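Chemist: What follows is a structure written as structure tokens; I'll ask about it next.
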There are 2 protein chains.
Amino acid sequence: MLQRYFPILEWGRTYNREVLTSDLMAAVIVTIMLIPQSLAYAMLAGLPPVVGLYASIMPLIAYAIFGTSRTLAVGPVAVVSLMTASAAGAVAVPGTAEYLEAAITLAALSGVMLAVLGLLRLGFLANLLSHPVISGFISASGILIATSQLKHILGVKVSGETWPEMLAGLAGKIGEVNLPTLAIGIPATLFLFWVRKGLKPLLVRLGMGARAADMAAKAGPVVAVAVSILAVIGFGLQGKGVSIVGAIPQGLPPFAVPSTDLALIEALWVPALLISIIGFVESVSVAQTLAAKRRQRIAPDQELIGLGASNIASALSGGYPVTGGFARSVVNFDAGAQTPAAGAFTAVGIALASLFLTPLLFNLPDATLAATIIVAVLSLVDLKTPGRLWAYSKADFAAHAATIAVTLLAGVEMGVIAGVGVGLLLYLWRASRPHAAIVGRVPGTEHFRNIERHKVLTLPHLLSIRIDESLTYLNARWLEEYVLEQVAERPALRHVVLMASAVNAIDASGLESLEAINHRLEDAGVKLHLSEVKGPVMDRLQRTHFLDDLSGRVFLSQDQAFAELANDTGEEAGEADPMLARGLI
Amino acid sequence: MLQRYFPILEWGRTYNREVLTSDLMAAVIVTIMLIPQSLAYAMLAGLPPVVGLYASIMPLIAYAIFGTSRTLAVGPVAVVSLMTASAAGAVAVPGTAEYLEAAITLAALSGVMLAVLGLLRLGFLANLLSHPVISGFISASGILIATSQLKHILGVKVSGETWPEMLAGLAGKIGEVNLPTLAIGIPATLFLFWVRKGLKPLLVRLGMGARAADMAAKAGPVVAVAVSILAVIGFGLQGKGVSIVGAIPQGLPPFAVPSTDLALIEALWVPALLISIIGFVESVSVAQTLAAKRRQRIAPDQELIGLGASNIASALSGGYPVTGGFARSVVNFDAGAQTPAAGAFTAVGIALASLFLTPLLFNLPDATLAATIIVAVLSLVDLKTPGRLWAYSKADFAAHAATIAVTLLAGVEMGVIAGVGVGLLLYLWRASRPHAAIVGRVPGTEHFRNIERHKVLTLPHLLSIRIDESLTYLNARWLEEYVLEQVAERPALRHVVLMASAVNAIDASGLESLEAINHRLEDAGVKLHLSEVKGPVMDRLQRTHFLDDLSGRVFLSQDQAFAELANDTGEEAGEADPMLARGLI
């Protein structure tokens, strides 16, 4: 029990020197990767760079205690940073104490929500985000984020949360571009693109192993950071209008108390919930992918608790919302991390950086950070999915396209909400129109098949309907309409048999619809029968009055129903072909 | 086409003298029943009595043109009146012009929403209200309405929208009870109860036919109205603190223009949507019940248009939201109405009443109207359903109980929202955990059954999983977790076969999960196979790269998969029993 809520008790017991070496090695590589990323994502979130470092210390330790993935690396990530900027920007001005307080409160709210969802085992709510919606959201967020960073590359001031706003803002400022900034931003961007695409093949050609080359390529941003700092110092660019990071406070994260201001909490709870769900979905997908590679398992509900603890830790140490990141987790995994202790060691690395390294970053230009963000997020933009979805399923394409359009035009929060809404609407629409078939007997057999696909035998006074779905409240009304419509079309009808071989469950609404159908058919002089009812469904029905009130009978098989009802035409007895009754035709 | 949107064109063509006689007869009886009801429900909605009459004229004519039910009687109903009071009360004070404007605007908004839902064929959204939720909502509304009317019986002034507020208000005013009012209210209530329960049997015993006795009993409220008007006049009760209806403007409904104030519309659109959905669900259930008795059909999407037109007509003629009422529709049906023309004739009856009858109603005491409401709504309270639901399904019981509790404690709007929310949550929870079974071969046969229920044959290197549900985004994550968990438990595994005999569809998320499972199993050295994939599902899969990327194969039958994979243990060839491969064991 204790082990379930504290996975550290499980892996901690078998921790040894060998695992320690692997974890330390991975931690060093992830730390090097995470320092520029933390600064960049904090900038994206509209926060001081140091907040990004703070968000990369305590959350990692909390996850090491509570998380179930062995290799997930948590911290600030691009999409959640954008969502933080959007939510905090709605209640305060970037750069103010209120803005920082809003970001910390978002982390606290999100942490509490994630932990509560985990304790209540409500992880299934993340299912509401379908793959097409997530993919559309991530692509659109990538475009939004990259566009939002162009101002740092161009050295102009632009605000706006939606794509049209940003583009219009950039277009209006095109005359004010700061050339020294551009002279840093463009080479940095091109260099980082090359590092991503061209460096690894080059290193491999130079004789480096593929994995080592991959690792080395991850250090590209550090090189860009170092070179651009030297350029700012060497050419005195700060005096020429190049915006730099400036003084970053040295020291460990402070103890912060999230706001208890109810008005602020009321304004932030919806974005906090969306951040929680998006963060969880992103994190759990990464964790599952990596766990499966080593045949390990993660526990999604405990992952909620782990991410909740991370966000609470982030809030208490002056950070902002965090989650498991894709790129850094893959690096952590590839570098050989064996346990979440690697995350704790990374935290120590970042802590050392914030103690000793920050003065070196004074002259780091914002343009370089923007370049690292742009190169990182453009890989999130998935151009293949729309075409694939269009070919596979128009409904899924619609959900995908709606999510992209709303995210770009109305911002990230509306984008998630619209995506969930459209997805759910399409699902409910389909769920309310399940498949059913009028069936008849395949001559000479005991099989009953769809009359539209097979040449089968039917009788004018007997209608057999096979329902290919559980009866729930979503399709209860459809069931009534469908059955009554079929009956209204057949004046000679005397018996309706519902073939329930594919009905796995009947909820109270489904039962009530069956009762209504039974009564309405009775009023119209038609008997209702059931056939092939599954055991568990029958057990439930027997707890009700339905079977007593049923005008007809429950047959074990459709064949038996057909045989026994074939002669009861309501006309003179003996008129129907006796061969039918014996199933010989 | 035209006939679809104007059902009057269909039944109008065959209209003749005989049908006219039936319709006129029904219209007279419904008119007599509707006059006191209209006044009473307007009072419940917090509106002047005449508004109730206005809402019973033009809406009936609009429904006669656009509605598809032959016997539905529209007009003000109890639950919608309560919801109107709640929504209008939130933006204005009862008795003011703003309050009336809010009620008219609600009718206009609701009318437009219903018509748009109908034109977009979105009637399925009403499915979101499950039977347990509707039943809980109606019961709780009945209790709320009856309690809200007690103040008129006691002759005190009390406000409050929730049950605790009302009860506390009544308790605080218990010393101020007006005895003359009570002297009218209590006998009127008892009389109306007796009319409902005891009059019909008495008339039948006196030799009247059962149906005629039923009709006569419906005139009970008219008797109560007449007697109490005479009592007020005879004993001069108006001077003794008995609240009366007072002057009702004589004449036909005015032409009214709904508000175009955006702030008002923003405040009212959510309640208008809830009123629309509740009204539609109530109306369509009644219409379906009655149509089925005569083997007629209604078209739910066109019903939305019919009710939309009724509400727009109500708004344009100074009325408030209307819908099809249960009691009056049954009376209309039993009195022999054949076509919606009966509704139009009822409208003429009410119009005549509002032209000539209103002066007679001057002395009608509010207590009598309250008594008619109380007696009518208490029949809505359903005491049997909670027990039945508890026995049948705890989940449905939970949705029912939550709806009742929230409606009583937080009002009608929150009640509907909570009911839909809880129902959807439970549905999604179940949908995200579909049924699946590990299957093995029943020895000596080609059948594969659940290993937990049958004694079957399995192999350590081969895992067969039968999925009993379509693969959608709601269960995509479950599928990954389930399969990977099963694989993680079986170190000797080499092959996984997903038996898809019950998979009716695979959406894009399901497909992506299959792809993820395929890749993850491949990473772990396990091949993924499919068996018994349905035709339409296979057609779709063939449009993707999935089948090319699949590490294993697609087998026509599970038996074939078992036979062909039985020998591929990954160990020395020939070790597995060749008998297995040939399906002989």
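The values are calculated or read from the model by the stated rules, or taken from the named source; none is laboratory data. Please read all numbers here as calculations on a predicted model, not as lab measurements. Methodologically, a virtual Cβ is constructed for each residue, glycine included, from the backbone with ideal geometry; neighbour enumeration extends over all protein chains shown. For the accessible areas, the whole protein counts, side chains as well, though only heavy atoms, and no ligand, DNA or RNA atoms are used. Shrake-Rupley method; radii C 1.70, N 1.55, O 1.52, S 1.80 Å.
Chemist: Just report the Cα centroid separation between the range A:175-216 and the range B:451-468, whole Å.
Modeler: Taking the Cα centre of the range B:451-468 as reference, the centre of the range A:175-216 is 52 Å away.
Chemist: OK, next. Pairs of alpha-carbon atoms within less than 8 angstrom and 6+ residues apart define the contacts here; what relative contact order does the range B:436-581 have, in percent?
Modeler: Once divided by the residue count of the range B:436-581, the mean separation gives 21 percent.
Chemist: Compute accessible area for the range B:507-542 by itself and then with all protein chains, 1.4 Å probe, and report residues whose area falls by 30 Å² or more.
Modeler: B:ASP507, B:ALA508, B:SER509, B:GLU512, B:ARG520, B:ASP523, B:ALA524, B:ARG540
Chemist: Averaged across B:481-488, how many Cβ atoms of other chains sit within 10 Å of each residue's Cβ atom?
Modeler: 3
Chemist: Still on this model: Any of B:LYS197/B:LYS218; B:LYS197/B:LYS384; A:LYS151/A:LYS218; A:LYS173/A:LYS218; B:LYS157/B:LYS240 with alpha carbons more than 22 Å apart? Name them for me.
Modeler: A:LYS151/A:LYS218; A:LYS173/A:LYS218
Chemist: Using amide H atoms built 1.01 Å from N in the peptide plane, name the residues 5+ places from B:LEU530, or on other chains, whose amide H lies under 5 Å from its own.
Modeler: B:LEU498, B:ARG553, B:VAL554, B:PHE555
Chemist: Nearest-5 percent of antiparallel DSSP beta bridges in chain B?
Modeler: Here the antiparallel bridges make up roughly 50 percent for chain B.
Chemist: Lys and Arg at +1, Asp and Glu at -1: add these up for the other residues within a Cβ distance under 13 Å of A:LYS200 and post the number.
Modeler: Net local charge, A:LYS200 excluded: +3.
Chemist: Any chance you could give the angle, 0 to 90 degrees and rounded to 10, that helix A:508-523 forms with the longest Cα principal axis of chain A?
Modeler: That helix lies at roughly 30 degrees to the long axis.
Chemist: Before I look further, what does the range B:1-135 give for accessible area per residue, probe 1.4 Å, in whole square angstrom?
Modeler: Dividing the accessible area of the range B:1-135 by its residue count gives 36 Å².
Chemist: For a quick check of your reading of the filter: which trypsin sites (Lys or Arg not before Pro) in the range A:450-526 sit in a DSSP loop and have no more than 15 other Cβ atoms within 10 Å?
Modeler: The qualifying sites are A:ARG453, A:LYS455.
Chemist: On average over all directions, what projected area in square nanometres does the protein assembly as shown have, based on the convex hull of its Cα atoms?
Modeler: Orientation-averaged projected area of the Cα hull: 55.1 nm².
Chemist: Another question, if that's okay. Determine, from the Cβ-Cβ distance of A:ARG17 and B:ASP568 and an R0 of 25 Å, the FRET efficiency 1/(1 + (r/R0)^6), rounded to the nearest 0.05.
Modeler: That gives a FRET efficiency of 0.05.
Chemist: Taking 22 Å as R0, compute the FRET efficiency from the Cβ-Cβ separation of A:GLN296 and B:HIS545 and round it to 0.05.
Modeler: 0.20
Chemist: On a full-extension model of 0.36 nm per residue, what is the gain between A:ARG453 and A:ASP334, subtracting their alpha-carbon distance, rounded to one decimal in nm?
Modeler: Computed gain between A:ARG453 and A:ASP334 is 37.5 nm.
Chemist: Follow-up question, since we're still on this one. Straight-line reach from A:LYS200: which aspartates and glutamates have a Cα under 13 Å away, not including same-chain ones fewer than 8 places off?
Modeler: A:LYS200 reaches A:ASP214.
Chemist: Treating the point 7 Å from Cα along Cα-beta-carbon as the label, what are the nm separations from A:GLY236 to the other copies, to one decimal?
Modeler: Here the equivalent label points are 10.7 nm apart from this one.
Chemist: What are the distances, in nm and sorted shortest first, from the label point of B:LYS394 to the label points of the same position in each other copy, with each label point placed 7 Å from Cα along the Cα-to-Cβ direction?
Modeler: Distances to the matching label points in the other copies: 4.4 nm.
Chemist: Could you please tell me the mean projected area of the C-alpha convex hull for chain B, averaged over all directions and given in square nanometres to one decimal?
Modeler: Taking a quarter of the hull surface, the average projection is 34.8 nm².
Chemist: Once you keep just the Cα pairs under 8 angstrom separated by 6 or more residues, what percentage relative contact order results for chain A?
Modeler: 22 percent
Chemist: State the percentage of accessible surface on chain B attributable to carbon and sulfur atoms; use a 1.4 Å probe and exclude ligands, DNA and RNA.
Modeler: 64 percent
Chemist: For the range B:151-163, just list the computed ³J(HN,Hα) in residue order, Karplus coefficients 6.51, -1.76 and 1.60, θ = phi - 60°, integers in Hz, with x standing in for Gly and Pro.
Modeler: These are the phi-based 3J(HN,Hα) values: 4, 6, 6, 8, x, 10, 9, 9, 10, x, 10, 9, 4 Hz.
Chemist: Among the aspartates and glutamates, select those whose C-alpha is under 14 Å from the C-alpha of A:LYS394, and discard any that sit fewer than 8 residues away in the same chain.
Modeler: Counting by Cα, and skipping residues close in sequence, A:LYS394 has these aspartates and glutamates nearby: B:ASP507.
Chemist: Can you pull the mean other chain C-beta count within 10 Å for peptide B:463-474?
Modeler: The per-residue average across the peptide is 3.
Chemist: What gaps in nm, shortest first, separate A:ASN450 from its twins in the other copies when you place the label 7 Å past Cα toward the beta carbon?
Modeler: Result, one decimal in nm: 2.7.
Chemist: What angle, in degrees between 0 and 90 and rounded to the nearest 10, separates the Cα long axis of helix B:412-431 from the longest principal axis of the Cα atoms of chain B?
Modeler: 20 degrees
Chemist: Follow-up. I'd like the FRET efficiency for B:LYS240 and B:LYS394, computed as 1/(1 + (r/R0)^6) with the beta carbon distance as r and R0 of 45 Å, rounded to 0.05.
Modeler: 0.25
Chemist: Follow-up question, since we're still on this one. B:LYS293: which lysines have alpha carbons under 18 Å from its alpha carbon, excluding same-chain residues fewer than 8 sequence positions away?
Modeler: A:LYS527
Chemist: At the nearest 100 Å², what buried accessible area, both sides summed, do you get for B and A when the probe is 1.4 Å?
Modeler: 6100 Å²
Chemist: B:MET25 versus B:ALA505, label points 7 Å from Cα toward the beta carbon: distance in nm?
Modeler: Those two pseudo-labels are separated by 4.8 nm.
Chemist: Post the alpha-carbon centroid distance, the range A:301-377 to the range B:303-378, in whole angstrom.
Modeler: 67 Å
Chemist: What number does the range B:135-177 give for Rg over Rh if you use C-alpha atoms and the Kirkwood radius?
Modeler: Value, to two decimals: 1.01.
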